[in-house]
1. Restricting attention to region 210-230, and to residues there that are surrounded by 17 or more Cβ atoms within 10 Å (Cβ to Cβ) and closer than 13 Å to residue 272 by Cα, which single residue is farthest from the chain's Cα centre (by Cα)?
2. On the given criteria, is residue 233 within 30 Å of residue 107 (Cα to Cα), assigned to a helix (DSSP H, G or I), open to solvent by 40 Å² or more (accessible area, probe 1.4 Å) and among the polar types (S, T, N, Q)?
3. Going by the conditions given, is residue 161 in a helix (DSSP H, G or I), open to solvent by 30 Å² or more (accessible area, probe 1.4 Å) and closer than 29 Å to residue 268 by Cα?
4. Considering only region 253-268, state which residues are touching a Ser or Thr at 6+ places or on another chain (Cβ under 9 Å) and either surrounded by 14 or more Cβ atoms within 10 Å (Cβ to Cβ) or in contact (Cβ under 8 Å) with a residue 12 or more places away in the chain (or both).
5. Given the conditions (1) open to solvent by less than 90 Å² (accessible area, probe 1.4 Å); (2) modelled with pLDDT under 90; (3) not hydroxyl-bearing (Ser, Thr, Tyr), and given that residue 89 satisfies all but one, which numbered condition is not satisfied?
6. I'd like to check something: does region 182-190 contain any residue that is open to solvent by 10 Å² or more (accessible area, probe 1.4 Å), in contact (Cβ under 8 Å) with a residue 60 or more places away in the chain, in a helix (DSSP H, G or I) and in contact with a Ser or Thr (Cβ under 8 Å, 6 or more places away or on another chain)?
7. Being modelled with pLDDT of 85 or more and open to solvent by 70 Å² or more (accessible area, probe 1.4 Å) is the filter; apply it to region 198-209 and report the residue that is farthest from residue 233 (Cα to Cα).
8. For residue 283, are the conditions met, namely being surrounded by fewer than 18 Cβ atoms within 10 Å (Cβ to Cβ) and of a type outside the set (D, E, K, R)?
Amino acid sequence: MNATATPAGSAANVPLADGAIGTVPGTFSQAMILSRYQFRDYLRSRRFILMISIVIAVGAILTTVVAYFRPSGLIDNADDFYGGLWAGGAAFVILFAGIIFGGDAIAGEFQNKTGYFLMGLPIKRTTVYAGKYLAALLASVVSLVLFLLIVMGNALFYLGSGAFSAAGPLIASFAIALLYLLALLGFVFLFSSLFKTSLYAVLVVAVLFLFGFSIIQTVVIDLAHTEPWFLLSYVNAIIAYPLTGVPEHIVHTTNPFTRAAITTYNPTYLEGIGVMVGYWVLTAVGGLFLFQREEFT
């Protein structure tokens, strides 16, 4: 019987599939694997229970307030209902999700010394950073979707089938909320990469977003008489625009008691989206740069 000879080196020259035995998965595959396991850790952690508890508490408070007062301007149509409940609470949920899931995502690698084990593997720091970012993003999206479902449940109770009449604007508002989440997580990861202690990273971000940005916004408007367009906490107002409409950019009013002139600023669509994208790109890249230069000591 005749047999066809196969060159000895031909099998060795065939490229192996990504992740096959004897090969190292590519950067993208490693990031997906790391994010999957990190997300699984989030689901099993107390922080996830804490975040879900916060969302449920916020939803319960809003449900109780609406049920008790039944404001006519809120429960008359879907646009007003979602514009009041969803848009008002989404920024709050995103803020706490970013702090809880992203505050110590990078700083924890230094504090808990887990980075020693990761850096000993054939894996890039870019992969670690991207994997943790994706896991924090996914956990935050789960929290945001839960809040949306609570709001939609209320809308169904008060409006019936009319709750679906604002489906298009609600989807657009949710898309803007996701962009705001991306920007906020980039900012959070920047500070998480800046510190080697989880507590410092979480506290700095929490203080900045809960108090710092509000104070800066007030100072810029009242003292500098300038629009605080550069603040992420200012432009998140556009989350409500698909539902409530776009208000005037600059509104001049008069204080009825002191007769003093009051100027109110509202971000435009282009302004808000541009600032969010800028925060997302610059802070995410800046955080990665800091993480790559940080030494595990």
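The values are calculated or read from the model by the stated rules, or taken from the named source; none is laboratory data. Since the model is a prediction, treat every value here as computed from it, not as a measurement. Neighbour counts are summed over all protein chains in view; Cβ atoms, including those assigned to glycine, are modelled from backbone coordinates with ideal geometry. When the accessible area is computed, the model is the full protein with side chains, heavy atoms only, and any ligands, DNA or RNA have been set aside. Shrake-Rupley method; radii C 1.70, N 1.55, O 1.52, S 1.80 Å.
1. Per the stated criteria, the residue is 227.
2. Considered against the rule, which asks whether it is within 30 Å of residue 107 (Cα to Cα), assigned to a helix (DSSP H, G or I), open to solvent by 40 Å² or more (accessible area, probe 1.4 Å) and among the polar types (S, T, N, Q), residue 233 comes out as no.
3. no
4. The answer is 263, 264, 265.
5. (2)
6. Of all residues in region 182-190, those open to solvent by 10 Å² or more (accessible area, probe 1.4 Å) come to 182, 187, 190.
Within this subset, residues satisfying the condition of being in contact (Cβ under 8 Å) with a residue 60 or more places away in the chain are 182, 187, 190.
Narrowing the set further to residues that are in a helix (DSSP H, G or I) leaves 182, 187, 190.
Those left that are additionally in contact with a Ser or Thr (Cβ under 8 Å, 6 or more places away or on another chain): 187, 190.
Yes, some residue in region 182-190 is open to solvent by 10 Å² or more (accessible area, probe 1.4 Å), in contact (Cβ under 8 Å) with a residue 60 or more places away in the chain, in a helix (DSSP H, G or I) and in contact with a Ser or Thr (Cβ under 8 Å, 6 or more places away or on another chain).
7. Looking at the filtered set, the residue picked out is 203.
8. The answer is no for residue 283.
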